[in-house]
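**Student:** Below are the structure tokens for one structure; questions will follow.
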Amino acid sequence: MRTRLFAALVSITVAACAEKPAGDSAAPEGTGAPAPTSAAPAPTPTAAAPVTAPDDLDTAALKKTLKCAADAKSGPCAVVNAFGSCKPWNAVVPSGDGRWIGRGVRVEGGKTTEEVTILRARRVPANEVGPGQLPAKVGIADITKEDGAAFTQADRLIRTLERSDVPPRSNATLAYLKKRETWPEGFSMKTVGGQVYVASEGGAFVCQGPKQELYLVRRAATRGGSGDGLYATLFAVSW
């Protein structure tokens, strides 16, 4: 009899446990249902820091360093003087690929060397540039004796462009400049005063003259003197 009674009690207990939902636990007496957990507040988005435009080329300091005369007509001083009156240049050229050529003067430790300077402005998609940058990359290079006829005929092409004449298609420098594909490019952005700053060596500045010519000053990456760098006047071949 006791055995049957004990078995009946065990059976009732097992049945009661089976009817209770899994994981359900009774709240302590007098506490009520558990309070819902509140979600953590979403972090406040951080605003992107505004991009500060670089300063214009410090022409006053360069004139003092290079000992420029106010009426200089050639050399680096003529280029620096031109920056005082030139206007902003639109590096995003209509064709998407503009090319220029001209005479450059490189200053190194007080010594000057002439060279044939070339420049390319290439339009790029806006999603390929950073905040504050122009959708254009600018390449600055030179033509040397190793380039053969492109070097020997460069002066003839430059003099033709200076006169605003149309150069002959047979000019080897013209063909070389139009076909050149490899350029050491840098990103560009507007300065405070509207010049174009190019991330090239120690920083390059470009502005436009009254006859669509470009004036370029590129500071040397390693300067023996504060005036070291490249100074050039450039004329458009295509834009």
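**Student:** Kindly report, to the nearest 10 Å², the accessible surface of Asp155 as traced by a 1.4 Å probe over protein heavy atoms only.
**Tutor:** Its heavy atoms expose roughly 70 Å² to the probe.
**Student:** Based on the mean of other Cβ atoms within 10 Å per residue, sort peptides 72-83, 142-153 so the most packed one is first.
**Tutor:** Going from most to least packed, we get 72-83, 142-153.
**Student:** Which pairs, out of Lys64/Lys178; Lys73/Lys190; Lys137/Lys211, put more than 31 Å between their alpha-carbon atoms?
**Tutor:** Values: Lys64/Lys178 38 Å; Lys73/Lys190 27 Å; Lys137/Lys211 23 Å.
Among Lys64/Lys178; Lys73/Lys190; Lys137/Lys211, the Cα-Cα distance tops 31 Å for Lys64/Lys178.
**Student:** Another question, then. Starting from a Cα-only point model with no solvent, please compute log10 I(q)/I(0) by Debye for the range 59-238 at q = 0.09, 0.13, 0.15, 0.16 1/Å.
**Tutor:** Summing over Cα pairs of the range 59-238 leads to -0.30, -0.64, -0.86, -0.99.
**Student:** Based on the Kirkwood radius over alpha-carbon pairs, what is the Stokes-Einstein translational diffusion coefficient of the range 141-238 at 37 °C with 0.692 mPa s viscosity, in µm²/s?
**Tutor:** Taking Rh from Cα pairs, D becomes 218 µm²/s.
**Student:** May I ask you to give the percent of accessible area on the range 59-238 that is carbon plus sulfur, with a probe radius of 1.4 Å?
**Tutor:** That share works out to 50 percent.
**Student:** Between Lys178 and Glu115, what length in nm is gained on full extension when 0.36 nm per residue of separation is reduced by their alpha carbon distance? Let's see the in-between values first.
**Tutor:** On the way: separation 63, 0.36 × 63 = 22.68 nm, distance 1.88 nm.
Result: 20.8 nm gained on full extension.
**Student:** Give me the dipole magnitude in Debye, nearest 20, for the range 67-197 about the Cα centre, with unit charges on the beta carbon: positive for Lys and Arg, negative for Asp and Glu.
**Tutor:** Working: 20 positive and 14 negative charges, 51 e Å.
The dipole of the range 67-197 has a size of about 240 debye.
**Student:** Next up: Please give, to one decimal in nm, the separation of the simple spin-label points placed at Val166 and Thr144, each 7 Å out from Cα toward the Cβ.
**Tutor:** So the label points at Val166 and Thr144 sit 3.5 nm apart.
The values are calculated or read from the model by the stated rules, or taken from the named source; none is laboratory data. Just so you know, these numbers come straight off a predicted model, no measurement behind them. Cβ coordinates were reconstructed from backbone atoms using ideal geometry, including for glycine residues, and neighbour counts include every protein chain displayed. With ligands, DNA and RNA removed, areas are computed over all heavy atoms of the protein, side chains included. Shrake-Rupley method; radii C 1.70, N 1.55, O 1.52, S 1.80 Å.
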